[in-house]
């Protein structure tokens, strides 16, 4: 989802109004006796172009470093760099403000916004913690302080959540902080927290969350984000929602009702788990799937891997007998690659865990320049979206038992692999490789 430089326009507006009013009020009471200083101040503060204004304000501060209006000038400098969309300079101005006024909430907020947008999680979290501990200045009215903190506290908890998740791998703290962020977010600002809501949904679904893992809550927040997200993003979010809902429930029965319910309120009811029943065991689902599938070759690639991963030995061997020595496309994200082997994450589980579930041994070694980069995604090309394609021939598979952080899985090895450039594709794949509607497809 597209992220704006300033996550909450409303919060920034409130900060500018409250903090700036206070500083400008002080400024009005200060008389600049030196005519040259007064002229420089007037010239700087009346500039209309943000870049020119920032330069004039910097010049004023350089010429009059001990000016009585230094706070007000620094406050305007922060605004000017914001308007000029210069985040690094905004942080620099905010840092100087904090040296002069350690309890300046606006400066703290600016630093957190910029550092968070740059994924400097530790710096953002340190400053966010400072903001949360800050006391109300004596000159600030209670109503103004309440309005100000209501605007900035959600972002501060977001910064702490992201640090916990991406730096410390502390899912318990991350989930708690994300929930606090959402609790404090005003209804009119919900769109500003959609990226974090999506991250929270993913955290609930992640195997690494251990005792914090909750697929029912994961589905709720995916449904909530899906309802609120702009149209271009709905399809991708719905893909994750369908996947995890079917992972937990076994099919899509009741999913539409969940979507309607999640559209009405931020948090799930306490009894949501009672209305969404847990699916049959994976092995039972696999057995039912095979019993209902007349032609095993038409199964989607993700479904084939699911059967090989969690099916009984008899069911897995039944499918493998059909797959063995068949050529297949391998759409997925490159985890590791060399001139002779490409390891790819195909299923959603593998992509989230960043582990390879398909190992493609190449028929002809690549040159060093031809080796795909880690993170590159192979796709099945279409007429509208031609793309290079990775193909190979099924050779062997291995069931991998579950661990504390990963689900039971299968690693599928292919031989005679090759990368087929989009320009050389002359015909679509035979029907055997077309995805079919089935459980766990992703």
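Worth a mention:
- Reciprocal mean inverse distance between Cα atoms of the stretch 344-410 - Kirkwood radius, Å: 14.1
- Overall form of the stretch 49-114 per C-alpha gyration tensor (a/c, 1.5; a/b vs b/c): oblate
- Within the stretch 297-433, percent of DSSP bridges classed antiparallel, to nearest 5: 85
- Prolate/oblate/rounded call for the stretch 168-235, Cα gyration tensor, a/c under 1.5 rounded: oblate
- Comparing the stretch 99-176 with the 2.2 N^0.38 Å rule of thumb, its C-alpha radius of gyration ratio is 1.13 (two decimals).
- For q = 0.06, 0.08, 0.10 Å⁻¹, Debye-computed log10 I/I(0) when each Cα of the chain counts as one equal scatterer: -0.38, -0.61, -0.83
- On the basis of the beta-carbon distance and an R0 of 51 Å, residue 63 and residue 145 show a calculated FRET efficiency of 0.90.
- Inter-label distance for residue 257 and residue 408, nm, one decimal - labels placed 7 Å from Cα along Cα-to-Cβ: 3.0
- Estimated at 0.36 nm per residue, the fully extended path between residue 188 and residue 327 surpasses their Cα-Cα distance by 44.8 nm.
- Extension gain (nm, one decimal) between residue 132 and residue 236, 0.36 nm per residue minus Cα-Cα: 34.0 nm
- Two-site FRET efficiency, residue 382 against residue 291, from Cβ-Cβ distance with R₀ of 30 Å, rounded to 0.05: 0.40
- Note that the stretch 9-184 carries a Kirkwood radius of 17.0 Å, evaluated over its alpha carbons pair by pair.
- C-alpha long axis of helix 87-100 to longest principal axis of the chain, angle in °: 50
- Averaging 1/r over every pair of different alpha carbons in the stretch 297-433 and inverting the result gives a Kirkwood radius of 15.3 Å.
- Rounded to the nearest 10 degrees, the inclination of helix 142-166 to the longest alpha-carbon principal axis of the chain is 40 degrees.
- Of all DSSP beta bridges in the stretch 348-425, antiparallel share, percent nearest 5: 70
- Stretch gain in nm, segment residue 313-residue 275, where the contour uses 0.36 nm per residue and the Cα spacing is subtracted: 10.4 nm
- Modelled FRET efficiency - R0 22 Å, residue 52 with residue 88, Cβ distances, 0.05 increments: 0.75
- Against the chain, whose longest principal axis is taken from its Cα atoms, helix 35-45 shows a tilt of about 30°.
Bear in mind that the values in this text are calculations on the coordinates, not laboratory data. Treat the numbers as computed from the prediction; the structure is a model and nothing was measured. Please note: Cβ atoms are built from the backbone with ideal geometry, for glycine as well, and neighbour counts cover all protein chains shown.
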